[in-house]
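Q: This is the structure I have questions about; it appears just below.
Laboratory data are not the source of any read-out in this text; all were calculated from the coordinates shown. Just so we're clear, the structure is a prediction, and the values are computed from it rather than from any experiment. Reconstructed Cβ throughout: ideal geometry from the backbone, glycine too, with neighbour counts over all protein chains shown.
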Amino acid sequence: MKRRATLALLALPALARAQLTRPVRLVVPFPPGGSNDVIARPLAEKLAARLGQPVVVENRPGAGGSIGAGQVAQSAPDGTTLMVTSSSFAASAVVQRTPYDAQTSFEAVALLARSPFLVLTTLDFPARDIASLLAIARARPGSIDFGSSGPGGINHFVTEYFALQAGLRLNHVPYRGMPPAVTDLVAGHIQLLITTMASASGPIRDGRVRLLAYTAPGAPASNPAAPIVRATGLDYEASIWWGLLAPRGLPPAISALLQAAIRDALSEPDIARVYEAEGARPSFASGAEFQAELARDITRFRDVATRANIRAE
């Protein structure tokens, strides 16, 4: 008993001294203005106030996010270099050759936010709900064109997963990014698109596309009302997450310090308002929970890639 008490007392000073003594780089491995950037910037401001150090967002785009991620993986694991990334990180781990291992080169610090995807169709497509979409797709295999932001992107994965779970054969039309895919959906050149609220908010709110369902619970209250796909009887659920990673080897005391600051920052109402504009909600989860979710997504996407023959360009 005395020995355990002594060890506990010795541990307390180490936890109390856990602090960052240099400015923090918050790397976003994508260009400014995207969802990862929008999630990172208000968080950086809140963390700076809580950590007592400047927190600077640095955009390091290129190669589907692997350039910035590679730089983070090679950085010192001292808490001063961190990365905000999304579910696309798990998709890239399956289809890209990267200079790092998505699961062993990083320390998951915390989950930050979540958002469901939206199942959208063009206005002249006859389906009015998921049931009628499935009926049409099963009656005419290969007749429905769906768009994505590119081969091996997160939208490609979640749509192929939808098709596999429903037993459908859909025709993939890849684009260079989501904006041209949304444009072609509005124009009727493709019939189906599964994407985020942020990517298609204008056409959705203007009534230029039809929202059939959300792919998971958790849409902000400001989003249009629609059912969840799973509620229609199909065993399918997918959402996009955003999380914070550090180089592998981050000391537990620094990880605990960061998690406490993040949990507190995400409770701020102004962060919730910024995230809601992206169709997302603050959704804190611990590093261990986030690490487990990342592993599950990589396993699921690897299975989808094999069954749907998904390859990056």
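Q: Quick check: pseudo-label points 7 Å beyond the Cα along Cα→Cβ at ALA288 and ALA221, how many nm apart are they?
A: Each label point is offset 7 Å from its Cα along the Cβ direction, giving 3.4 nm.
Q: Determine the percent antiparallel among the DSSP beta bridges restricted to the chain, to the nearest 5. Display every interim value, and only then the final one.
A: Numbers: 26 of 41 bridges.
So the antiparallel bridges in the chain amount to around 65 percent.
Q: Work out how much length ARG208 to ALA272 would gain on full extension: take 0.36 nm times their residue separation and subtract the Cα-Cα distance, in nm to one decimal.
A: Details: separation 64, 0.36 × 64 = 23.04 nm, distance 2.72 nm.
Roughly 20.3 nm would be gained on extension.
Q: So between ARG97 and ARG296, what do we pick up on full extension, going 0.36 nm a residue minus the alpha carbon distance? Each step should come with its number before you reach the end.
A: On the way: separation 199, 0.36 × 199 = 71.64 nm, distance 1.94 nm.
Answer, rounded to one decimal: 69.7 nm.
Q: Report the label-to-label distance for ARG128 and THR232 in nanometres (one decimal), using points 7 Å from each Cα along the Cα→Cβ vector.
A: Calculated label separation equals 1.4 nm.
Q: A further question on this structure: In nm, give the distance between the simple-model label positions of GLU45 and GLN74, each being 7 Å from the Cα along the Cα-to-Cβ direction.
A: Calculated label separation equals 3.3 nm.
Q: Please list, in chain and number order, the residues 5+ apart from ALA213 or on another chain whose amide H is under 5 Å from its amide H, with Hs placed from the backbone.
A: Sorted by chain and number, the residues that satisfy this are VAL119.
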